[in-house]
Structure formats: C-alpha cells, structure tokens
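Input: a single structure, listed below in structure tokens.
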Amino acid sequence: MAELVSKRYAEALFEVALEENNLDEFKEEIKAISNILDSEKKLKTIFEHPKLSNDEKKDILNELFKDNISKEVLNFLYIIVDKGREKYIKDIKDEYIMLSNEEQGIVEGEAITAVKMDDEKLERLELELSKKLNKTIKLTNKIDQTVLGGVFVKIGDKVIDSSVKGRIDELTKSLNKASVTKKEVESK
C-alpha cells in the first residue's frame with residue numbers, strides 16, 4: 001500500500017516537473033523538505049499528528065517553506081496534507097528521485113571510503129565511472145572505518161572494489177587456493 005501511494009504521488013509531481021521543466025529544482029526541494037522532517041523529529045511528530053487540522057498543518061508548511069520552495073511543490077504538499085499522506089513524504093521523495101534520475105540518465109551510487117573524499121576526487125571518480133558505464137554517475141561519499149584504504153563503489157547492483165581490504169581479501173583467497181607440493185619445496 002505504502003509503495004503504491006508513494007509511487008502515485010511521486011508520478012504526479014514528476015509530471016508537473018516535466019511540464020514546468022523543473023526536474024532538478026523539484027528534486028532538490030523535495031529532498032530538503034524530507035530531510036528537514038527527518039532531522040527534526042518533534043516537527044515530524046507534530047506534522048503527522050492526527051489531531052492537528054489540515055489547515056494547521058498547511059500553516060506549518062507555509063511558515064517553513066513558503067519563501068524557500070516553488071509554489072508547485074508547496075501546493076503539492078497541501079494536496080498531501082488534504083489526502084492524509086504526510087507520513088509518505090520520504091517515500092514519495094525516493095520515488096520522485098528515481099523517476100527524475102531515470103528521465104535524465106542519472107545513476108546514483110555510493111563511494112565508500114575510510115575517510116571523507118574531497119569534492120575534486122569524488123567528481124573525478126564520477127567522471128571516470130560515467131565514461132566507463134556510459135551513464136551520468138552521481139556518487140555520495142559514505143564513511144566506513146572497515147575500508148582500510150582506497151574506495152569501494154556501489155552503483156545499483158554493481159560493486160567495484162578497489163579498496164585495500166578488497167585487494168587483501170583477493171590475495172588471501174588466491175593464497176588459500178594455492179597448493180605447494182613437497183617436490184616443489186625440496187627443489188628450492
């Protein structure tokens with residue numbers, strides 16, 4: 001049910017974005033709205049509370065976002081409130097991003113490293129992968145202390161492991177498969 005609801009609303013927003021030629025603007029706005037609601041737990045609790053009237057919820061949205069988002073996205077949020085779908089905003093955002101990226105030929109992925117990558121290196125990696133995969137790649141950098149060095153990239157169901165840990169694991173597998181005979185040892 002939740003997937004169907006979020007998909008339907010995301011498709012509606014996507015159609016408006018296509019008509020208005022604002023795919024990226026709407027994407028950034030819906031991301032920001034979702035992030036604010038996720039990061040501010042009290043606000044999310046208040047906003048999703050069933051005893052709060054739709055007009056009160058719209059007033060909250062208006063106060064928070066009126067000067068920061070397009071009127072189309074604000075009106076979209078009003079529709080979500082009128083239909084009682086506030087709890088689906090994060091799912092709607094995810095579906096919208098997927099639709100928008102697909103339309104623009106963008107594939108999102110993660111570059112997992114032990115320390116934060118600087119923006120220049122991340123952009124270079126995106127460019128290299130874009131050329132290799134013949135798609136526009138957008139990466140987010142995720143920090144994972146278990147990555148000893150190098151980078152571990154996940155793009156959809158593809159994994160590119162050029163981390164030190166990955167190389168050590170491959171070497172370990174090779175060594176475990178290798179066998180040395182007594183004759184080889186004696187001849188040395």
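Based on DSSP H segments of at least four residues, each scored -39500 (n - 2.57), the chain has a per-residue ellipticity at 222 nm of -19500 deg cm²/dmol.
Simple spin-label estimate for Glu56 and Lys154 gives 4.0 nm between the two label positions (7 Å along the Cα-to-Cβ direction from each Cα). With all protein chains kept in place, the per residue accessible area of the chain amounts to 67 square angstrom at a probe of 1.4 angstrom.
For segment 1-123, the fraction of 1.4 Å probe accessible surface lying on carbon and sulfur atoms is 48 percent.
Report the extension gain between Asn35 and Ile79 in nm, rounded to one decimal, defined as 0.36 nm multiplied by the number of residues separating them, less their alpha carbon distance.
13.9 nm
Taking θ as phi - 60° and the Karplus parameters 6.51, -1.76 and 1.60, the scalar couplings of segment 75-84 work out to 5, 4, 5, 4, 5, 4, 5, 4, 8, x Hz in sequence order, x denoting glycine and proline. 3J(HN,Hα) along segment 60-73: 4, 4, 4, 4, 6, 10, 3, 8, 10, 10, 5, 5, 5, 6 Hz, from the Karplus curve 6.51 cos²θ - 1.76 cosθ + 1.60 with θ = phi - 60°, whole Hz, x for Gly and Pro.
The values are calculated or read from the model by the stated rules, or taken from the named source; none is laboratory data. From a predicted model like this one, the values you see are computed outputs, not experimental measurements. A quick note on method: Cβ atoms are made from the backbone with ideal geometry, for glycine too, and the neighbour counts reach across all protein chains shown. Ligands, DNA and RNA are excluded from the accessible area calculation, which covers all protein heavy atoms including side chains. Shrake-Rupley method; radii C 1.70, N 1.55, O 1.52, S 1.80 Å.
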